[in-house]
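Values in this text are rule-based calculations from the coordinates and carry no lab data. Every value quoted in this text rests on a predicted model; they were computed, and no experiment measured them. Positions of Cβ are backbone-derived with ideal geometry, glycine not excepted, and every protein chain shown enters the neighbour counts.
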Amino acid sequence: MPYTSKAPRHLSGLRDARYGEILLISPDGGGALKAEVYNTLGLNDCPLERWKALDPRALAEEFQVPMVYLNGPRFWVVDEITAFAWGDTATFTGLEARLVAELRIPQELGLTDTKSKNFYVDATVERDTEYILHSGKPVHELLAPDSRTYVMQTYSHIVDDSLTIDSLAALGERLHLPQGWRYRVRTAEEDLAIRTVNGEAHVLQDELDNTYMLVPR
């Protein structure tokens, strides 16, 4: 693991807060790809002028990796996060970000070719966190036919920069979901806490690059 357990870091008031992620992609040694995930959360609000100045090719050369993927700007749809492990802070063309996770990139995801990227593909993220959505707040869910539930953790401006947290209520009208899947918005009757299991989370993205996390059974 590229990061270690430390005293827990807790952040609140996150709903609709902007951030960005820089993914350093490299071979995992077993024929697949992995990405070290650096996140601006807790360091800055991902200023747009700095984010737009990032050059993936130049960053890949600087950090000596085959590819860099810029995952943002994004906005949280959770209220609190507690992180129990994280790594060092790095600076990307003046933008600070902290190592927070490692993503295992499924071959069928097609992340390294954004023109052929596939959606609704489950990917494993190595991180040790707890995300909390407050009671009385909207919960945006993808319901799979096998009873899996994915809760939206962030919405994205990568595809549509006009998307807002309020427009997520009607998002289901825009999604081309896999057969048998449903998009649902409900109001949380109590706080919803989603804790990683054995240091792993499972996530997927829709065609607007919004990210959802699997609720452990």
Given a Förster radius of 35 Å and the C-beta distance between T187 and D88 as r, what FRET efficiency does 1/(1 + (r/R0)^6) yield to the nearest 0.05? 0.35
By how many nm would the segment from V197 to Q179 lengthen if fully extended, with 0.36 nm per residue of separation less the alpha-carbon distance? 3.7 nm
Stretched fully, the stretch from R9 through R148 gains (0.36 nm per residue minus C-alpha distance, one decimal, in nm) 47.2 nm
Under a 5 Å amide H to amide H cut-off, with H placed in plane at 1.01 Å, what residues pair with T154 once short-range neighbours are removed? V77, T211
What is the set of long-range amide H partners of D191 at a cut-off below 5 Å, with H atoms built 1.01 Å from backbone N? S135
For segment 180-189, take each phi angle, set θ = phi - 60°, evaluate the Karplus expression 6.51 cos²θ - 1.76 cosθ + 1.60, and give the result in whole Hz per residue in order, putting x for glycine and proline. x, 8, 9, 9, 9, 10, 9, 9, 5, 7
Can you compute the modelled spin-label distance between D55 and M67, with each label point 7 Å from Cα toward Cβ, in nm? 2.0 nm
Label V215 and A170 with points 7 Å out from Cα along Cα→Cβ: what is the distance between them in nm? 2.6 nm
